[in-house]
1. Under 1.5 on a/c is rounded, so check that first for segment 172-214, then, if it is not, pick prolate when a/b is larger than b/c and oblate when it is not; a ≥ b ≥ c are the square roots of the alpha carbon gyration tensor eigenvalues.
2. Place the peptides 169-177, 113-121, 73-81, 133-141 in order of packing, highest mean first, counting for every residue the other Cβ atoms within 10 Å and averaging per peptide.
3. Could you work out how much longer the chain between Q21 and R163 gets when fully extended? Use 0.36 nm per residue separation minus the Cα distance between them, nm to one decimal.
4. In 5 Å bins starting at zero, report the fraction of Cα pairs in segment 2-282 per bin as a rounded %.
5. On a 19 Å Cα-Cα criterion, which of the cross-link pairs K42/K128; K128/K175; K73/K137 come out too long?
6. Sum up the charges of everything whose Cβ sits under 10 Å from the Cβ of T260, counting Lys and Arg as +1 and Asp and Glu as -1, but leave T260 out.
7. Based on alpha-carbon centroids, what's the gap between segment 153-174 and segment 80-104 in Å, whole number please?
8. Stretch Q77-Q253 to full length: gain in nm at 0.36 nm per residue minus the Cα-Cα span?
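Readers should treat all values here as calculations from the given coordinates under stated rules, not as data from a laboratory. Note that the structure is a prediction, hence the values are computed from the model and not measured. Cβ placement follows ideal geometry from the backbone for every residue including glycine, while neighbour counts extend to all protein chains displayed.
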Amino acid sequence: MKKRIILWMAFTVIAHSAAAQYEIKLREDQLPNSAAAQYETKLREDLYVSKLSDTVYVVTHYFPWESNSLVVKASAQEVVLIDTPYDTSATALMLDWVLSQFGPVRITAINTGFHVDNLGGNQYLREKGIDIYGADKTCELIDERGFQTQQQIISWLTPAQERFIKVYEGMVFTKPNKIFSLEEGIFLRIGDLDFEVFFPGESHSPDNVVVYISACDLLFGGCMVKTLGAKNLGFTGDANMSQWPVALKVVQQRYPQAKTVIPHHGMWGDMSLVQHTIDLLIN
Ligand SMILES: [Zn+2]
């Protein structure tokens, strides 16, 4: 295991020798019994990238709350983003990193819900001409609750957190431009990979979808799945508390083969994260 980590670090240093130098450090929140140490590349004080494989990278943004999105290398020419960091500047930095790693690639994005942690980077992505897939219901909720969501976030911040307040106040909620029916979901073949965007029913929000990448046995559970360390469900102001565990059982039945499950907040793991979330909901 150690050997693999050293090799990867050497590769990273070489890969960046011509471009920006990035610091690499051990992730602090990894599980004590995890199989391999998880390193992360620091893009900025609040923005990190963890490499899960040659295909999948988790981008973690602390703004100030911790939030995960995914960069998926679908082929030599194609990259898929699943959700975005919270804001424009972190999203821009992430895209710079993508280009520094993979060269010129076509980028496509998917939103898994209407909250800021799902799509705060949309405005920047659309300015760059990047197509964003999102559900019809997500667009509706941006119209109906976007402003309310923005005010809510600001209310959670203290005056000492002024730099965050400024960004959230100036945020422009931007809708996805490739719309699919929430109920039907969508199946996307991009590069060499298949992405199944699936709605299992209402959960943490009325529009949260999961994304399954079959070639990687990987499920992006997003905000409906909590990390194993989570002792509560976090913000539930938009949640359907009675349907949420039902939706998670649908996910369990549909993807029993999933080996990696990525929650929106905190450390990833396996399908036990889905069961842990069900336990939090029914106890
Ligand atoms: Zn969330």
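1. oblate
2. Those peptides, ordered most packed to least, come out 113-121, 133-141, 73-81, 169-177.
3. Value of the extension gain: 48.5 nm.
4. The calculated distribution, bin by bin, is 1, 5, 13, 17, 20, 19, 13, 8, 3, 1, 0.
5. From K42/K128; K128/K175; K73/K137, over 19 Å: K42/K128; K73/K137.
6. Counting the neighbours of T260, the net charge comes to -1.
7. A separation of 21 Å, based on Cα centres.
8. Gain on stretching Q77 to Q253: 60.0 nm.
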